[in-house]
Structure formats: C-alpha cells, structure tokens
Amino acid sequence: MDLSSVKVVAADVDGTLTEGVSFLLSLEAIRALRELERAGIKVILVSGNSRPITLTLKRYLGTTAPVVYENGCGCGDYSWEDYVVERNMCMLAKEAADMLLKVLSVKGWKPSWQNPWRRCDFAINAPGGEASEEDAQKAYQILDELGYIKQGLVVMASRHAVHIMPKGCGKGKGVRRVVERLGYEMKDVLAVGDAENDVDMIKEAGIGVAVADAQEVLKRVADIVAPEPAGRGFAWIAKKVLEARSSS
C-alpha cells in the first residue's frame with residue numbers, strides 16, 4: 001500500500017472524526033483534516049447525516065470537495081445535489097421507516113430529528129443511543145415480514161441509528177461519483193470509517209482504514225486498522241499519509 005499516492009481522503013464523520021461515538025468533533029481530527037487540505041489532498045466528508053448537516057460541517061471544517069450524505073444516497077455541494085436512486089424508491093423507504101417505527105416505538109425507538117430533511121435514507125434511533133448489527137438484523141426481519149425488503153430496500157446500522165434506504169445507495173457509490181467529478185479514480189482514495197455502513201466505501205477505496213474502535217465487520221475488510229480510536233485514529237492515518245507524501 002503506497003500512502004504517498006493518496007490524492008483524496010474519504011472520511012466518515014460520526015465515530016471517525018468525533019471523540020468516540022459521541023457527537024463531539026475531535027480537535028485532533030480537525031487539525032489533521034486541515035493539514036491534508038493544505039497539502040493538496042482533497043477531503044470528502046461522507047456521512048449518514050442529511051444534506052444540510054453534512055454541508056454545514058463542510059463549511060465550518062474547511063473541506064473543499066463535495067460531500068456524500070444519507071449513506072451514499074446523495075452527494076453534492078452548496079449549489080447542486082445528486083441522488084443515486086429513483087424518487088419512488090425513496091418514498092418507499094420513508095413508508096417502510098414509518099411502519100418500522102409503529103412496531104418499535106413501544107420499545108423506545110424514535111425517528112431521527114433529521115428525517116424531515118432526508119430524501120432517501122431514513123434513520124431510527126435506538127433507545128440507548130447506540131445501534132448494533134443485531135438491531136439492524138431485527139429491523140430487517142420486521143421489514144421482510146412486512147414485504148418491504150423484496151421491493152428493494154436495505155437496512156443498515158451506523159452505531160447511532162438503524163437506517164432504511166433503497167438498495168442502490170451506499171457510501172462507496174456516493175464517493176465514486178464525487179471522485180469522478182473531481183477527475184480522480186477510486187485507486188487514488190484512502191477511506192476511513194468505523195461502522196457497518198462504511199464497508200462498501202472501505203472495500204472500493206484504494207486503501208481502506210478502520211479506526212481502532214470500529215465494528216468488527218469493518219475491521220475484517222480494512223487494509224489498515226489504526227492503533228487509535230475514532231478521531232485520534234483519523235489523525236494517525238492522516239499523519240502517515242502526509243509523512244509518506246513528504247518523503248516520496
């Protein structure tokens with residue numbers, strides 16, 4: 001793996017640029033992100049969050065590349081947006097999420113406060129604040145029994161929530177669209193993540209990195225597992241990339 005060849009870094013947000021699974025941004029990660037940008041390496045923010053939230057992060061963190069949001073269902077910048085699936089499938093995902101909530105609300109599950117701004121990927125928050133692979137499997141079983149899975153929907157966990165979305169979505173697909181728009185290829189990309197919904201992005205990137213506290217499903221497919229967790233893990237790999245670049 002040649003870290004000196006990295007031209008683009010695709011960074012998951014929650015759990016990767018934050019302090020653990022909290023919503024507090026890691027100051028170490030922010031410094032590293034800006035150092036990458038100053039060195040001419042584009043940073044793509046890749047998130048399960050909605051478009052307004054992800055673009056706000058771009059504005060204040062100082063990244064220059066377009067962003068990927070709703071777990072790859074969409075990508076864009078301030079003046080444009082692009083969704084990778086048909087609108088009718090997005091409407092089906094919303095219907096399925098509403099039905100799932102009717103079943104799980106009695107157990108304390110709640111809709112994400114961002115759902116009103118979401119177009120295709122609808123999130124349901126776990127009672128304890130952290131969703132697991134097992135939670136996603138249970139949600140899948142419920143939607144399968146209701147007939148939604150065979151219509152082309154998928155269920156995924158992002159640690160903070162369970163996401164219901166059309167099958168055509170995926171962070172890898174969203175990153176690919178942005179990378180091609182920037183004039184690069186996926187082999188030029190180093191991707192960093194922490195959860196199941198980062199798997200396809202990690203697999204498709206030239207170099208895939210999991211932070212130390214990532215879910216095991218992600219560590220199994222990563223090329224590199226950082227020795228540090230969350231934001232510190234991102235800062236660690238960013239430093240390695242910059243060192244390789246300066247010595248090449």
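None of the figures in this text is laboratory data; all of them are computed from the coordinates on show. What you are looking at is a predicted structure, and each value in this text was computed from that prediction instead of being measured. So basically every Cβ, Gly included, is an ideal-geometry build from the backbone, and we count neighbours across all protein chains shown.
Some observations on this one:
- Inter-probe distance in nm under a simple model that places probes 7 Å from Cα toward Cβ, at S22 and T56: 1.9
- In sequence order, calculated HN-Hα J values of the range 128-138 (Karplus, 6.51, -1.76, 1.60; Hz; x Gly/Pro): x, x, 9, 8, 10, 4, 5, 4, 5, 5, 5
- Of every Cα-Cα pair in the range 126-248, the percent that sits beyond 19 Å: 55
- Taking every DSSP bridge with both residues inside the chain, close to 55 percent are antiparallel.
- Taking the average, over residues, of other Cβ atoms within 10 Å as the packing measure, peptides 68-75, 115-122, 177-184, 229-236 rank 68-75, 229-236, 115-122, 177-184 from highest down.
- Dipole-positive endmost among L25, S50, A157 within the chain (Cβ charges, Cα centre): S50
- With Cα atoms, 0 to 90° folded angle of helix 27-38 axis to the chain main axis: 60
- log₁₀ of I(q)/I(0) at q = 0.16, 0.18, 0.22 Å⁻¹ - the range 1-138, Debye sum with one point per alpha carbon: -0.92, -1.09, -1.36
- In whole angstrom, the range 99-145 maps to an equivalent ellipsoid with semi-axes of 16, 13, 11, each derived as √(5λ) from the alpha carbon gyration tensor and ordered largest first.
- Cβ-based net charge around G76, under 9 Å, with every Lys or Arg adding one and every Asp or Glu removing one: -2
- Expressed in Å, the radius of gyration and Dmax of the Cα atoms of the range 1-80 are 12.3, 36.
- Estimated distance in nm for a label pair at Q137 and Q151, the labels positioned 7 Å out from Cα along Cα-to-Cβ: 2.6
- In range of the label at W80: residues from the range 170-212 whose backbone nitrogen is under 13 Å from the point 7 Å along Cα→Cβ: 177-183
- Simple Cβ-charge dipole of the chain, Lys/Arg +1 and Asp/Glu -1, about Cα centre, in debye nearest 20: 540
- Charged side chains reduced to their Cβ positions (Lys and Arg at +1, Asp and Glu at -1) give the range 84-230 a dipole of some 560 debye around its Cα centre.
- Relative counts (whole %) of C-alpha pair distances in the range 87-166, using bins that are 5 Å wide: 3, 18, 31, 28, 15, 4, 0
- Per residue, the Cα convex hull of the chain amounts to 109 Å³.
- For the chain, the relative contact order comes to 24 percent (Cα pairs under 8 Å, sequence separation of at least 6).
- Amide hydrogen neighbours beyond the local backbone of C73, cut-off 5 Å, H modeled: G170
- R0 of 25 Å, Cβ-Cβ distance E35-D223: FRET efficiency to nearest 0.05: 0.70
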